[in-house]
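> To start, I am sharing the structure in question, which I have written as structure tokens.
The values are calculated or read from the model by the stated rules, or taken from the named source; none is laboratory data. Treat the numbers as computed from the prediction; the structure is a model and nothing was measured. A quick note on method: Cβ atoms are made from the backbone with ideal geometry, for glycine too, and the neighbour counts reach across all protein chains shown. Calculation scope for accessible area: heavy atoms of the full protein, side chains included, ligands and nucleic acids excluded. Shrake-Rupley method; radii C 1.70, N 1.55, O 1.52, S 1.80 Å.
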Amino acid sequence: VLKLFKLLHRTRQEVFKNDTKALEAARQKINEEFRNNRDETSEEKINELLKIASDVEVILRTSVIQAIHTDSDRIILIPRKDLLQDNTPYLDKPTKK
């Protein structure tokens with residue numbers, strides 16, 4: 001449980017780097033969820049909560065992209081290196097292998 005708690009906080013720091021509002025909101029939410037379930041004793045329920053926390057960490061790490069409003073009609077996206085993927089060029093007529 002502690003390992004997953006720390007992993008969520010490390011992921012939060014990486015995903016929301018330089019965004020103090022998002023960092024604080026994510027910190028409060030992570031701490032609140034763990035605090036609310038601190039007294040849980042059912043092994044089945046604990047495993048379910050750990051699965052949810054693990055899924056949240058994966059979604060944060062793989063799906064969240066920071067954006068900055070520069071003007072009223074412009075947004076700059078700041079993708080992390082682990083989100084960037086190689087792009088396969090489009091071919092009108094695919095070649096047969």
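> How much accessible surface does R74 have with a 1.4 Å probe, in Å² rounded to 10?
140 Å²
> Quick one: Debye curve from the C-alpha atoms of the chain, no solvent, what's log10 I(q)/I(0) at q = 0.19, 0.23 Å⁻¹?
Here the Debye-derived log intensity ratios amount to -0.96, -1.22.
> Using a 1.4 angstrom probe, figure out how much accessible area segment 1-82 has per residue, in square angstrom, rounded to the nearest whole.
79 Å²
> Under the definition of Cα pairs under 8 Å and six or more residues apart, what whole-number percent is the relative contact order of the chain?
Value for the chain: 26 percent.
> Turning to a different aspect of this structure: If you count only protein heavy atoms and use a 1.4 Å probe, how large is the accessible surface of S72, to the nearest 10 Å²?
Accessible area of S72: about 130 Å².
> In whole percent, how big is the carbon plus sulfur part of the accessible area of the chain, probe 1.4 Å, protein atoms only?
Working: 4500 of 8510 Å².
Carbon and sulfur atoms account for 53 percent of the accessible area of the chain.
> Further question on the same structure: For segment 5-97, which chymotrypsin sites (Phe, Trp or Tyr not before Pro) pass both filters: DSSP loop (anything but H, G, I, E, B) and at most 12 other C-beta atoms within 10 Å?
Y90
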